[in-house]
1. Condition test on Tyr144, is it farther than 18 Å from Ile19 by Cα, without any contact (Cβ under 8 Å) to a residue 24 or more places away in the chain and surrounded by 13 or more Cβ atoms within 10 Å (Cβ to Cβ)?
2. List the pairs whose first member sits in the range 29-55 and is of a type in the set (Lys, Arg), whose second member is crowded, with 17+ Cβ neighbours inside 10 Å, and whose Cβ atoms are under 7 Å apart, counting only residues at least 6 apart or on separate chains?
3. Please indicate, with yes or no, whether at least one residue in the range 124-137 is free of Cβ contacts under 8 Å to residues at least 24 places away in the same chain and over 25 Å from Phe22 (Cβ atoms).
4. Test Thr91 against the criterion of being open to solvent by 20 Å² or more (accessible area, probe 1.4 Å), hydroxyl-bearing (Ser, Thr, Tyr) and either within 23 Å of Tyr144 (Cβ to Cβ) or within 16 Å of the chain's Cα centre (by Cα) (or both), and give yes or no.
5. Restricting to the range 132-141, what's the tally of residues that are touching a Ser or Thr at 6+ places or on another chain (Cβ under 9 Å) and open to solvent by 20 Å² or more (accessible area, probe 1.4 Å)?
6. How many residues does the range 7-39 contain that are assigned to a loop (DSSP other than H, G, I, E, B), open to solvent by 20 Å² or more (accessible area, probe 1.4 Å) and either farther than 13 Å from Thr124 by Cβ or not hydrophobic (A, V, I, L, M, F, W, C) (or both)?
7. From the list Ile74, Ile58, which residue is in a strand (DSSP E or B), in contact with a Pro (Cβ under 9 Å, 6 or more places away or on another chain) and either touching a residue at least 40 places away in the same chain (Cβ under 8 Å) or crowded, with 19+ Cβ neighbours inside 10 Å (or both)?
8. Among (1) free of Cβ contacts under 8 Å to residues at least 40 places away in the same chain; (2) more than 22 Å from Gly146 (Cα to Cα); (3) among the small types (Gly, Ala, Ser), which single condition is Ala96 missing?
Amino acid sequence: MKKTTTPDNARNKDQQNIIKDFLDRGEDPFSPENIVKIHDGKGVYNKIIYENNEWYVIKNLWPLVNSKDHFVVICKRPIKTITQMNNKEVTALFEAQSWTIKTHAIKGGAFCMRFGNPKISGTTCTRLHGHILSPQKSTTLEFYVGQFKNRLNK
């Protein structure tokens, strides 16, 4: 199996260790069967909260600082970049985003998606996925593009 994760881009040690474990086993942590095996180091596991034929949604176990809402929308097909998406995936992505925003009454925020080479994008997992984010009241969220290596919380 090709390398699908990049531990150097992890935002914390727990996340980094989990990514390394999947790499050691040659498994993709963002596949639907593996995403539910990921936990925050304190016993809380990912749960798929929405799913259609092409995508699924989880609440991020490691939300960004100052986020009120932080969800991850993950492509079921193991593609790495937006240009690999087919028409069904494009339409289904919109459906997943809309469901999440409506169901969680998100009044404002952003959808951010890194893609491609993790040394450029800063992603920890090369399976295409995006983030639905909304900030806490009167704050600013920072969504980085680029390597996280120097920002790892120790």
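1. In short, yes.
2. Short answer, once both residue conditions are applied: Lys47/Ile58.
3. no
4. Against the criterion (open to solvent by 20 Å² or more (accessible area, probe 1.4 Å), hydroxyl-bearing (Ser, Thr, Tyr) and either within 23 Å of Tyr144 (Cβ to Cβ) or within 16 Å of the chain's Cα centre (by Cα) (or both)), Thr91 does not qualify.
5. Matching residues across the range 132-141 total 4.
6. Number satisfying all stated conditions: 5.
7. Ile74
8. Here Ala96 clears every test but (1).
The values are calculated or read from the model by the stated rules, or taken from the named source; none is laboratory data. Since this is a predicted model, take the numbers as computed values, not measurements. Positions of Cβ are backbone-derived with ideal geometry, glycine not excepted, and every protein chain shown enters the neighbour counts. Side chains are part of the model used for accessible areas, which takes the heavy atoms of the whole protein and leaves out ligands, DNA and RNA. Shrake-Rupley method; radii C 1.70, N 1.55, O 1.52, S 1.80 Å.
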